[in-house]
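Shown next, in structure tokens, is the structure this report addresses.
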Amino acid sequence: QPVGAFFDYFLDEKGEPIPERAGDFAKEIGIINIGTNTVDLMVIRKSQLVLRLTQGEKLGTRRLFELLNQGGLYTLAEMDERLRNGELNISEALPIWAREVFGFIENRWGHLTKRFARIIAVGGGAILLSQYLARLPKVWLPQEPILAQARGLFKYAIGKAQR
């Protein structure tokens, strides 16, 4: 899934490379996908996956909902709906969840983030953690990060079809 975010960053709507980003293509790119169930970390170097820096952990928005849903009164879907409707006060749970997510990132990548040409952050959790993600070096949060992976794969397919 995070590969779609890679293409979203590098390709325009016609599936063509974005010239001002082309220089980063051969460098290391970190991708953080904060989804419902997992936080996935991926590093791509020269279009190849760097396995030792790629990992996932069950720390997605579901974990935030667990922190907020003491007593299990609501289902995951109900918690998600309540969040989207602005019915949840996440002010106390968000920093706790952020520490867990960034602890995972730190344990996996540590100071290596400084060598990445760009860090791409996507998924619904990236919206919630945007103020924390902004502290990472060279982070890029696309418009509508929830759609970034699908949009990137679509851009790739369009470009491939035109070639």
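The values are calculated or read from the model by the stated rules, or taken from the named source; none is laboratory data. As the structure is a prediction and not an experimental result, all values here were calculated from the model. Quick reminder, even Gly has a Cβ in these numbers, built from the backbone with ideal geometry, and neighbours come from all protein chains shown. Accessible surface areas use protein heavy atoms only, side chains included; no ligands, DNA or RNA. Shrake-Rupley method; radii C 1.70, N 1.55, O 1.52, S 1.80 Å.
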Of all residues in the stretch 137-163, count the ones that are in contact (Cβ under 8 Å) with a residue 12 or more places away in the chain, hydrophobic (A, V, I, L, M, F, W, C) and under 18 Å from residue 35 (Cβ atoms). 7
Residue match in the stretch 116-123 (condition: open to solvent by less than 40 Å² (accessible area, probe 1.4 Å) and either without any contact (Cβ under 8 Å) to a residue 40 or more places away in the chain or more than 21 Å from residue 7 (Cβ to Cβ) (or both)): no
Go through (1) in a helix (DSSP H, G or I); (2) open to solvent by 10 Å² or more (accessible area, probe 1.4 Å); (3) in contact with an Asp or Glu (Cβ under 9 Å, 6 or more places away or on another chain) for residue 106 and report which single condition fails. (3)
Residue check for residue 14: open to solvent by 60 Å² or more (accessible area, probe 1.4 Å) and under 22 Å from residue 139 (Cα atoms): no
Among the residues of the stretch 69-80, how many are more than 21 Å from the chain's Cα centre (by Cα) and outside any loop (DSSP other than H, G, I, E, B)? 1
Failed criterion for residue 137 (all others in (1) open to solvent by 30 Å² or more (accessible area, probe 1.4 Å); (2) at pLDDT 95 or above; (3) not acidic (Asp, Glu) hold): (2)
Has the stretch 54-61 got at least one residue that is more than 18 Å from residue 122 (Cα to Cα), assigned to a loop (DSSP other than H, G, I, E, B) and at pLDDT 95 or above? no
Breaking point among (1) buried (at least 17 other Cβ atoms within 10 Å of the Cβ); (2) over 22 Å from the mean Cα position of the chain (by Cα), for residue 87: (1)
Are any residues in the stretch 74-84 open to solvent by less than 80 Å² (accessible area, probe 1.4 Å) and of a type in the set (Lys, Arg), and if so, which ones? 82
Flag if residue 54 is farther than 17 Å from residue 133 by Cβ and in contact with a strand residue (DSSP E or B) (Cβ under 9 Å, 6 or more places away or on another chain): yes
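For every residue, the table says whether it meets (1) in a loop (DSSP other than H, G, I, E, B); (2) of a type in the set (Ser, Thr, Tyr); (3) closer than 24 Å to residue 50 by Cβ; (4) open to solvent by 80 Å² or more (accessible area, probe 1.4 Å).
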{"residue": "67", "(1), (2), (3), (4)": "no, no, no, no"}
{"residue": "94", "(1), (2), (3), (4)": "no, no, no, no"}
{"residue": "97", "(1), (2), (3), (4)": "no, no, no, no"}
{"residue": "102", "(1), (2), (3), (4)": "no, no, yes, no"}
{"residue": "126", "(1), (2), (3), (4)": "no, no, yes, no"}
{"residue": "143", "(1), (2), (3), (4)": "yes, no, no, yes"}
{"residue": "156", "(1), (2), (3), (4)": "no, yes, yes, yes"}
First in the stretch 82-110 and modelled with pLDDT of 95 or more, second anywhere and open to solvent by 40 Å² or more (accessible area, probe 1.4 Å) and part of a loop (DSSP other than H, G, I, E, B), Cβ under 8 Å, 6 or more apart: 82/74
Could you list, in sequence order, the residues of the stretch 46-62 that are open to solvent by 80 Å² or more (accessible area, probe 1.4 Å) and at positive phi? 46
